[in-house]
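Presented below is the structure to which this report refers.
The values are calculated or read from the model by the stated rules, or taken from the named source; none is laboratory data. All values derive from a computational prediction rather than experimental measurement. Positions of Cβ are generated from backbone atoms using ideal geometry, with glycine treated the same way; all protein chains shown enter the neighbour counts. Just the protein is used for accessible areas: all its heavy atoms, side chains included, with ligands, DNA and RNA removed. Shrake-Rupley method; radii C 1.70, N 1.55, O 1.52, S 1.80 Å.
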Amino acid sequence: EKTGKVLGEFCRCYKEQYGVALFNSVRYEIEGNGGPQAQLLHRKLPLEDHVIYSGNIFQYIEENKKWRNRFCVVPHNYGLVLYENKLAYERELPPRVLVNSAGYKILTSVDQYLELVNNSLPGVTPKSGHSPILKCPTDFPLILWHPYARHYYFCVMTGKEQEKWRAVFQDCVRHCNNGISEDSKVEAPAFTDAVRMYRQSKEQYGTWDMLCGNETQVLSNLVMEELLPELRSTIGPRLKGKAPERQRTWIQISDAVYRMVYEQTNAQYDAVMARCEQERPRLESTIRTDMDQIITSKEHLASKIRAFVLPKAEVCVRNHVQPYISSILEALMTPTSQGFAEVREVFFKEVTDMNMNVVNEGGLEKLVEYMKKLSHLAFHPVKMQSCYEKMDQLKLEGLQQRFDVSSTSVFKQRAQIHMRQQMDDAVYTFETLLHQELGKLQGKDDLCKSIQRILERVLKKFDYDSSTVRKKFFREALLQITIPFLLKKLAPTCKGELAKFQELIFEDFASFILVENTYEEVVLQSVMKDIMQAVKEAAVQRKHNLYRDSMVMHNSDPNLHLLGEGIPIDWGEEYPGQPEPEPGADRRRRAKQVVSVIQDDEGALPYEMGMEALVQPGSPEPQEQQEPGSGAPLSSPDGVKEIREALAQESLGEADAPSESSVQHAAPASPKPRADVPPEAEVPRVTPASPAPAAESPSAAAGTACHQPRDQETGEGTAPPGGRCSPPQPTGTTESGEGVQTEF
């Protein structure tokens, strides 16, 4: 009954917003108001059929209250798939559990979990001395907690494993939370606007933490937000047994209700979607025929609402919003800019290491091996973790209460998704340009110089695109914080008067023009000028490494985007070359080489997930190598650093070189380039005269994510017989003394 009531009101909102979103989409298509052209290429076809991560982990089985060793696989769609063991996976037996992690939180402490469980059922707290709801056999738990669905309990043997699995689980949550496709220019905005309008009709303004997952999951969360308190007050007092038993029973009841709501919601939402799609041709025909009249009618309505609302809105902005914009922006910019700088640094380091390794290890066949790994860099949970964790510094302090921001997680995850996308764009642009160059190269030296030259080009493009992406993110975040606050402040004096403006809309255009939406646009205009000015002023501050708005690059590399339209590159199929016989001296030198992917200062652990310090089989420990023409040894651990210092010195020696227009990636800490220089400014081409081997170790390439987990994977489900996810790539497999295998 509750689901039917909530869905009925939501579907009414959705049908209204669908017409508005369709009009906006057609208008944008006709008028075209695109922003700056991206310099990096965007991958048209997603990478598929790869396993992001796989390994053994202990899971708590609630049915028999025992811990069991499970083989966990994370495929490219970021669903968690748990098998009985690795043998069951290899034999293609059905998995035991499928988990869609949208809406979950990753906890690494039993105390954290018990606190959340105690808060979920007020008045039911275990007495001291009584057994808690969960006991973990190790000090390194990993708990997936959801406010409505069932919980999942895991543990590992070491803190290092815990950090790796936490990074993997967080990547799954981040990807699954972003379940509403941005490729949809009508359905997605119609859906999110309908959710917002529905919640505002219930006096609920501000950000909402449970706007995560696909559309059915979001609507299920919307129903449960209203249903759960009623359910708790009705059922809670009737639960029997000791406190831990009542808590366990309550979690099971909540999960069962959530599944029922999900099934009903899925059916109703599909029905309303089908009706809207059926109406779309008629609506679109009307829009294209009467576009000018609709725009004129909307502008007339907006002018009337503006005259009524704007004076009040401007006073509210001046008194309650304007004084805080700069502090909100500063709080957002610092961690975000650090995160993007780390993305740049990780990309630079990976390509530089690859360049040195390729030159030292044998040319094209090794390049193919490393490029296959590099293509998955953006989807490697552990390598990208250093970028993502910069956003953990985001704190809005007292601003959260003032502006009714329930949590900063929505902004953290959005910035992290942008980071991943920028990394993938940089990698894809690099591999496209390198692929184009390969046919022209003569020997290793040419290959080394080409990789270095292409890296410089890509870094300049990355700097420009990251500036554009960050400025857009800052504007959207500021609007997301301030607009709900303004609407709530203005509601008592303005909202009741909006009905009188309905008569200004022609009946034929009522599907495309809504008073409520137009009112919100007017409120947005009242604060947009201040937000744009704040971001513009921030771009002048060089510490944030933002380009000025005046720096707009058009067709700086016109042929590059044509390359991006070609067939995706498959390095393994195009260059399947076999290693050539090599002289004994070269073979000995290669034996000392350690492939660099992730540094790990710790020793190998007996139950380690993905060892990071694996020397090539049968090879001795890496030793120092003399750089030709140099009296001092170049030690492996500092190889990258010393190469960068050498590059920096060569760069300074170039006659009349533009000192600040170059991309200064050769410095040890990869300093930020000057913000007001266009990405295609000429830079001196500097290549290492003799690349030194790095002293890090091979980790295997991660898989990638592009498709969302299936709708039915809302909690635990059993795959059909014979169903399984894609097999892991046989790279970077490690086997500990206890026979536990893990793979990236």
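Using alpha-carbon positions, what is the distance between the centroids of region 424-481 and region 5-77, in Å?
25 Å
For a paramagnetic label modelled at 7 Å from the Cα of His435 toward its Cβ, which residues of region 361-387 fall within the zone defined by backbone nitrogen distances under 20 Å?
Only 364-380 pass the distance filter.
Rounded if a/c is under 1.5, else prolate if a/b beats b/c, else oblate: with a ≥ b ≥ c from the C-alpha gyration tensor eigenvalues square-rooted, which is region 76-207?
Cα axes put region 76-207 in the oblate bin.
Would you check region 340-435 for Lys pairs whose C-alpha atoms are within less than 13 Å, ignoring same-chain pairs closer than 8 in sequence, and give me the count? Write out the running numbers ahead of the final one.
Working: Lys349/Lys383; Lys373/Lys383; Lys390/Lys412; Lys395/Lys412.
Pairs that pass both the separation and distance tests number 4.
In region 418-474, how many lysine pairs have Cα atoms under 25 Å apart, counting only pairs 8 or more places apart or on different chains?
Final tally of qualifying lysine pairs is 10.
Rounded, prolate or oblate for region 12-85? Axes are the square roots of the Cα gyration tensor eigenvalues, ordered a ≥ b ≥ c, and the cut-off for rounded is a/c under 1.5.
Values: a/c = 5.29, a/b = 2.05, b/c = 2.58.
Oblate, because a/c is 1.5 or more while a/b does not exceed b/c.
Which is farthest toward the positive dipole end of region 1-107 among Phe58, Tyr104, Leu7, measuring Cα position about the Cα centre, with Cβ charges +1 (Lys, Arg) and -1 (Asp, Glu)?
Value: Phe58.
Let me check against my output: what whole-number percent is the relative contact order of region 299-458, with C-alpha pairs under 8 Å and at least 6 apart?
Dividing the mean separation by the residue count of region 299-458 yields 30 percent.
Using a 1.4 angstrom probe on heavy atoms only, work out the carbon and sulfur share of the accessible area of region 277-429 in %.
50 percent
Loop only per DSSP, at most 10 neighbouring Cβ atoms within 10 Å: give me the GluC sites (Glu not before Pro) in region 332-426, ordered by residue number. Write out the running numbers ahead of the final one.
Values: sites: Glu342, Glu345, Glu350, Glu361, Glu365, Glu369, Glu389, Glu397; in loops: Glu397.
Filter output for region 332-426: Glu397.
Sort out for me the Cα centre separation of region 280-346 from region 127-205, rounded to whole Å.
Result: 30 Å between the Cα centres.
Summing +1 for each Lys or Arg and -1 for each Asp or Glu, what net charge is found among the other residues whose Cβ lies under 11 Å from the Cβ of Glu29? It would help to have the intermediate numbers written out before the result.
On the way: positive: Arg27, Lys185, Arg288; negative: Glu31, Glu284.
Counting the neighbours of Glu29, the net charge comes to +1.
What residues have an amide H closer than 5 Å to that of Val97, excluding those fewer than 5 places away on the same chain, when H is modeled at 1.01 Å from N in the peptide plane?
Amide H neighbours of Val97: Leu82.
Using a 1.4 angstrom probe, figure out how much accessible area region 441-532 has per residue, in square angstrom, rounded to the nearest whole.
Per residue, region 441-532 has an accessible area of 41 Å².
Ordered by residue, what ³J(HN,Hα) values in Hz, to whole numbers, does region 347-352 give under the Karplus form 6.51 cos²θ - 1.76 cosθ + 1.60, where θ = phi - 60° and Gly and Pro are x?
My calculation for region 347-352 gives 4, 4, 5, 5, 6, 5 Hz in order.
Using a Cα-Cα cut-off of under 27 Å, which lysines could be cross-linked to Lys240, ignoring same-chain neighbours fewer than 8 residues away?
Within reach: Lys2, Lys65, Lys66, Lys127, Lys135.
If the label point is 7 Å along Cα→Cβ of Asp270, which residues in region 198-225 have backbone nitrogen under 15 Å from it?
215-217
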